[in-house]
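The values are calculated or read from the model by the stated rules, or taken from the named source; none is laboratory data. Since this is a predicted model, take the numbers as computed values, not measurements. All Cβ positions, glycine included, derive from the backbone under ideal geometry; neighbour counts span all protein chains shown. What goes into the accessible areas is simple: the full protein's heavy atoms, side chains included, and nothing from ligands, DNA or RNA. Shrake-Rupley method; radii C 1.70, N 1.55, O 1.52, S 1.80 Å.
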Amino acid sequence: MRKYSNALSVVGTLVFLSSFSLAQSNPKELLDSSSLKGVQPAALATTTPAIQKSFFGADFLLTNLIWPGTDSLHRIATLGGLRLWDDGVKWGQVNTGKNVYNWSQLDSWIAMAQSQHLDVLYTFGDTPQFAGIIPKLPVHCLTPSAYSCSPPTDVKSDGTGTDANFSTFVTALVTRYKGEIAYYELWNEPDCSCYFAGTQAQLVRMGKDAAAIIRSIDPKAKILSPSGHVWSMTTWFAGYIQAGGAPNFDIVNMHMRGTGALNETPEAFLGTYANIEAQLKINKLTTRPLWDSEHGIRRKEPLPDPDEQAGFVAREIALRAGLGIARQYIYAWDDTSPVGLQGNEAGTAWDTMTKWLIGHSISPCIASGTRYTCNLDNGQIVWDTAQSCSRGTCTTSQYTYPTTYKYKTDLEGKKTALSGKTVSTGYKPIFLTAR
């Protein structure tokens, strides 16, 4: 259970987004930065349970894959979980014909995950050609095929039908990887017709069948809700719950990465989170764990400076940890720079954050002007959103730190003694400790 299910307060009126329609192709038009102003978590006396290694998850892609992932210091990435999506193992890529399966790529991913002691989250999506139809325009399915967003043809729009094609695949998948795939995400981003062009009744029926199969074959496996976004909470997600989807999953799963103004700064996530939590309360789902299975710098809004890339990643992690989100997955570790973390400063920042957080508890990060502080049981993480970095030089402001602290550590892991009454803070977080 999350510590802060009902504990967010906001300055002004919380935006419920009820006036927005379902995002299909350009969700950044639906929200702008004005809807997020003043959204901050309240200061709380309690802290999260100790952060586990499992909190640190990542997607990997097949393009330029390096396994295991590494940072700029050539250290192996500290990860607890692997999410499978966009890596050659979607339904239509494995189930290439009726009762025809190619498991080789998925076998490879499972073996790689096991070599690094990672648990595996498998994401359903991509209806194969034999099981679907090409949707009528203006709907376009995203890759890998023109059929991938089609609902199976053996599930009618009202949810009736045999659902044999999907059920057969789920049965084969779970039987083959019982005890090896720990988590199943019921569908990737069905709030966009580009990923699912069917009805809520069809999606709920497929989820119901998948859940029954998973729970019967591998009772230890846990099931995630289909992943959506903040802009579709009152439309798609509410509709899924109203159509009977809640019993299908154990874990609420959202993609908390926004677009445009919703992802220009890591702190925009706080508005996203507040709106998601508000809707989970309405739908009586606050007792279930909440995961963020896709976030990170977007290709459309890349940060040009490596130091800012590192700071962005570190701040995203601290903010999510502070709010008690059980898991977060970066998308994607080995994506093309500057989005990915492979071999660069952002990867180093990630690994440094694991050292600061794993085994420790953290309170929500609190803003005082442009400066954020996150209190841990053994120190304090600090940064200043008003600062920036360019070509190896970062601007700073002075922070009067609590006298308890004697040392600071930067995102490359360099630890130095504090002197005087203030310390320089910038775009990149630092960690203050007593020893």
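Residues of the stretch 173-215 falling in the label zone of GLN114, defined by backbone nitrogen less than 14 Å from a point 7 Å along Cα to beta-carbon, are 176-182. The count of lysine pairs in the stretch 108-247 with alpha-carbon distances below 29 Å, taking only pairs 8 or more places apart or on different chains, stands at 9.
Normalised by 2.2 N^0.38 Å, with N the number of residues, the alpha-carbon radius of gyration of the stretch 220-295 equals 1.08. The convex hull of the Cα atoms of the stretch 204-260, projected and averaged over all directions, covers 4.2 nm². The fraction of accessible area contributed by carbon and sulfur in the chain is 53 percent, rounded to a whole number (1.4 Å probe; ligands and nucleic acids excluded).
Each listed q (0.06, 0.10, 0.11, 0.13 Å⁻¹) maps to a log10 I(q)/I(0) for the chain from the Debye sum over equal C-alpha point scatterers, namely -0.25, -0.69, -0.83, -1.15.
For ILE362, nonlocal amide neighbours, meaning residues 5 or more places apart or on other chains whose placed amide H falls under 5 Å from its own, are THR48. With the largest listed first and rounded to whole Å, the semi-axes of the equivalent ellipsoid of the stretch 356-418 from the Cα gyration tensor are 20, 15, 13. Sorted on the mean count of surrounding Cβ atoms within 10 Å across their residues, most packed first, peptides 331-344, 133-146 read 331-344, 133-146.
For the pair ILE133 and THR336, label points projected 7 Å from Cα toward Cβ lie 3.6 nm apart. Normalised per residue, the accessible area of the stretch 45-202 is 41 Å², obtained with a 1.4 Å probe and no contribution from ligands, DNA or RNA. Charged neighbours of PRO304, selected by a Cβ distance under 14 Å, balance to -2 (K, R count +1; D, E count -1). Remark: the Cα gyration tensor places the stretch 290-397 in the oblate category, a/c being 1.5 or greater and a/b not exceeding b/c.
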